[in-house]
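Heads up: the structure comes next, in structure tokens.
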Amino acid sequence: MSYKDGIETPVITEAAPILEDGNCEPAKNSDSVDQSAKPESKSEPIPSTRKRPEAKPSSDLETSEVLPVEETVSKDVPQTGWGYWGSWGKSLLSSASATVATVGQGISNVIEKAETSLGIPSPSEISTEVKCAAGETNAKESENSSPIAGPFGVFSTISTAVQSTGKSVITGGLDALEFIGKKTMDVIAEGDPGFKRTKDLMNRNATLSQVLREAKEKEELWTSSEITMETDKKTHYGLLFDEFQGLSHLEALEMLSRESEIKVKSILNSLSGEELETLKLELEELKEAFSLGELCEEEEEEKEGDEDFTKEITELFSQLHVSSKPEKLARARNTAYEWIRTSLTKPLAEKGGGEEQLEAENTEQANKNSIEDIHAFAIRSLAEMTACSIELFHKTAALVLHGRKQEVTAIERSRTLSQMTVVLCKELSSLSKKFTSCLTTEGVKEKADVLNPLITAVFLEASNSASYIQDAFQLLLPVLEISLIENKTESPRHELQGEKPLSEH
Amino acid sequence: MTYAYLFKYIIIGDTGVGKSCLLLQFTDKRFQPVHDLTIGVEFGARMVNIDGKQIKLQIWDTAGQESFRSITRSYYRGAAGALLVYDITRRETFNHLTSWLEDARQHSSSNMVIMLIGNKSDLESRRDVKREEGEAFAREHGLIFMETSAKTACNVEEAFINTAKEIYRKIQQGLFDVHNEANGIKIGPQQSISTPVGSSTSQRNSRDIGSNSGCC
């Protein structure tokens, strides 16, 4: 199994090349694979533990600011700039809290598994390695005063993350800090993605769908260039997410969001005086409804019943007063639960015979639900649920923009949507918990270095999924803003709303 | 699974002309007589082979309802190809073509290849728009033209594939900048395509293949 050789290797050895990456442009183009193969080769055999895809480090910070349009990057430069993507960083932080919720709530054995799989080094190891790394990159960082310049920067950024996350932790508390600590290790251990994530907080210049698309393309490239088993493809979150049309819906949602944002801006520009101030206040209120932090305070006990999620999400949807229904999402989710249920009953029957041999042939076992199967299905389910959630957000955006008469105010809708985001993230986290406990049950005889990476991967993708959903949720803000404005200004300013009369064509 | 290029298509036209049915027939090879109204946009994807090259078509099937018009316009951007569909049994869907065309031209790249499709060719007895009229409209506006039936699958493949051929031809001629995603074309992973060489003699004009092939 490819997982064996990859995941436990480590840790800090990667820190040095990666930190360098941050300062000098890493070879990212496909034609320079050879160069980049070295630092990346260690992580490559573990496609399943891919971190949240990161924005392309479009050369170093300074250059990208001076030359925003780089031909080689061949991506649209977002026209909206920093302000628009301000949500990015925020949701990264809340993604941590979503993950925290997953782990913090229990299953200590799973945590332990995850912990060991992270390969946490001893503090002394860290400090020596860090010094080492710092020394190597010293020359380059000296001119760069940003907090991400050195290895300690990673620490400090993460601790800021802890602080800001603290407020919005979904189920929160000390468990959160405990896991953030682990996350920190994770960041160091996995170096590259974590570092880039941190860097993203500083350098938000890619749209979410771009980021995801690149991740998917990387996976496509990986699957096509390596000789991989057919089954390996099943664990590529990005490819699966695209297969479920998550990427397309996300891109479409971005388009609606961007247009709405432009409209809002032009309306604001056309107003002045009191009118402008009133509107600004209302928009501010709307924005507040989009901060997930508030809603997270009302802690709910964990939902065990299967019907609850479907009921809850359906109820929330009806509150939105859009004609879209979350059936697809509910179906995807129920399929996952059904699968887990049947998979959990199976191992009991099979245990008797295989016990002795398990040790020897744990990788080749043709067991119907091997841990690899569970892992693959978990990744698939997460990708599907996330894609469905984003589709729902996209449809909601379309319907909100489409709606003439509104039975509910934009603010009410925003609150509902924000509740919905929380429900979805919680659901993903409880689903991932179910999958990982499934893995621990089934893989009890497996070696740690086989089982742990799989568990880690499930948690990671669940955490990523939650971030995608939260980012997609933020894309709805401009849509709700325009809806608020339209609802408020019935006739007098209708022509300013940018929406052409339907009879025009 | 890997591909040389990815083309983004949009399908546009009045409500009920069979846009979603065309997509379903193309991606799933089946026909579903009753469809929910499309909200905003739906998606489909399929791989096709043009000149030995794998090309992934990513298709945006837009809502045809008038009330969605301002929303669907947002989706046009970055499309390399458009299927503009009317229903041969309903003249008003043909009459609205000009406004759809205007919309398409205004909101997308000037190089976008547009295929005009007269759908429901299986309903010959109820025909309301002559084939020649479709052809004339296409000629006048520089479109490719085909009559199709999403129900019998007649010419459906051809419509999607001929559009891809035309886009591919334009790429070969250097009319499309494949590195600019605003054109609705992406180079597949692992491809490192250098600038396309100018058109060679081996290229046929794909317009020839269109309207006279098939069963309609």
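The values are calculated or read from the model by the stated rules, or taken from the named source; none is laboratory data. Treat the numbers as computed from the prediction; the structure is a model and nothing was measured. Note that we place each Cβ from the backbone using ideal geometry, even for glycine, and neighbour counts take in every protein chain shown.
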Item to complete: Keeping to the range A:216-235, report how many residues are more than 11 Å from chain B (Cβ to nearest Cβ) and at pLDDT 70 or above.
Response: 1
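Would you mind stating whether A:Lys434 is assigned to a helix (DSSP H, G or I), surrounded by fewer than 23 Cβ atoms within 10 Å (Cβ to Cβ) and either in contact with a Leu (Cβ under 7 Å, 6 or more places away or on another chain) or at pLDDT 90 or above (or both)?
So A:Lys434 fits the description; yes.
What residue, of B:Thr27, B:Thr15, is within 14 Å of chain A (Cβ to nearest Cβ) and within 20 Å of B:Asp87 (Cα to Cα)?
Details: B:Thr27 fails: within 20 Å of B:Asp87 (Cα to Cα).
From the options B:Thr27, B:Thr15, the qualifying one is B:Thr15.
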Worksheet item: For A:Gly238, are the conditions met, namely being touching a Pro at 6+ places or on another chain (Cβ under 9 Å), surrounded by 20 or more Cβ atoms within 10 Å (Cβ to Cβ) and either at pLDDT 60 or above or not charged (D, E, K, R) (or both)?
Response: yes
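May I ask you to list the residues in the range A:316-326 that are in a helix (DSSP H, G or I) and surrounded by 14 or more Cβ atoms within 10 Å (Cβ to Cβ)?
Step one: list which residues in the range A:316-326 are in a helix (DSSP H, G or I), which gives A:316-320.
Correct list: A:Leu316, A:Phe317, A:Gln319, A:Leu320.
Just checking: which of the strands (runs of 3 or more DSSP E) contained wholly in the range B:77-193 hold 1 or more residues that are modelled with pLDDT of 95 or more, of a type in the set (A, V, I, L, M, F, W, C) and crowded, with 18+ Cβ neighbours inside 10 Å?
On the way: elements: B:81-87, B:113-119, B:144-147, B:185-187.
The strands (runs of 3 or more DSSP E) meeting that bar are B:81-87, B:113-119, B:144-147.
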Discussion item. Condition first: in a helix (DSSP H, G or I), in contact with a Ser or Thr (Cβ under 7 Å, 6 or more places away or on another chain) and within 22 Å of A:Ile390 (Cα to Cα). Now tell me which residues in the range B:17-55 satisfy that.
Written reply: B:Ser20
Worksheet entry | Candidate set: the range B:1-48, residues that are among the basic types (Lys, Arg) and more than 22 Å from A:Lys218 (Cα to Cα); chosen: the one surrounded by the most Cβ atoms within 10 Å (Cβ to Cβ) | B:Lys19
Item to complete: Filter the range A:431-464 down to residues that are among the hydroxyl-bearing types (Ser, Thr, Tyr) and in contact with a Ser or Thr (Cβ under 8 Å, 6 or more places away or on another chain), then give me how many there are.
Response: 3
Practice prompt. Determine which single condition B:Gln58 fails, assuming it passes every other condition in (1) assigned to a strand (DSSP E or B); (2) crowded, with 24+ Cβ neighbours inside 10 Å.
Written response: (2)
Worksheet item: Restricting the search to the range B:162-178, which residues are more than 16 Å from B:Lys56 (Cα to Cα) and within 14 Å of another protein chain (Cβ to nearest Cβ)?
Response: B:Phe176, B:Asp177
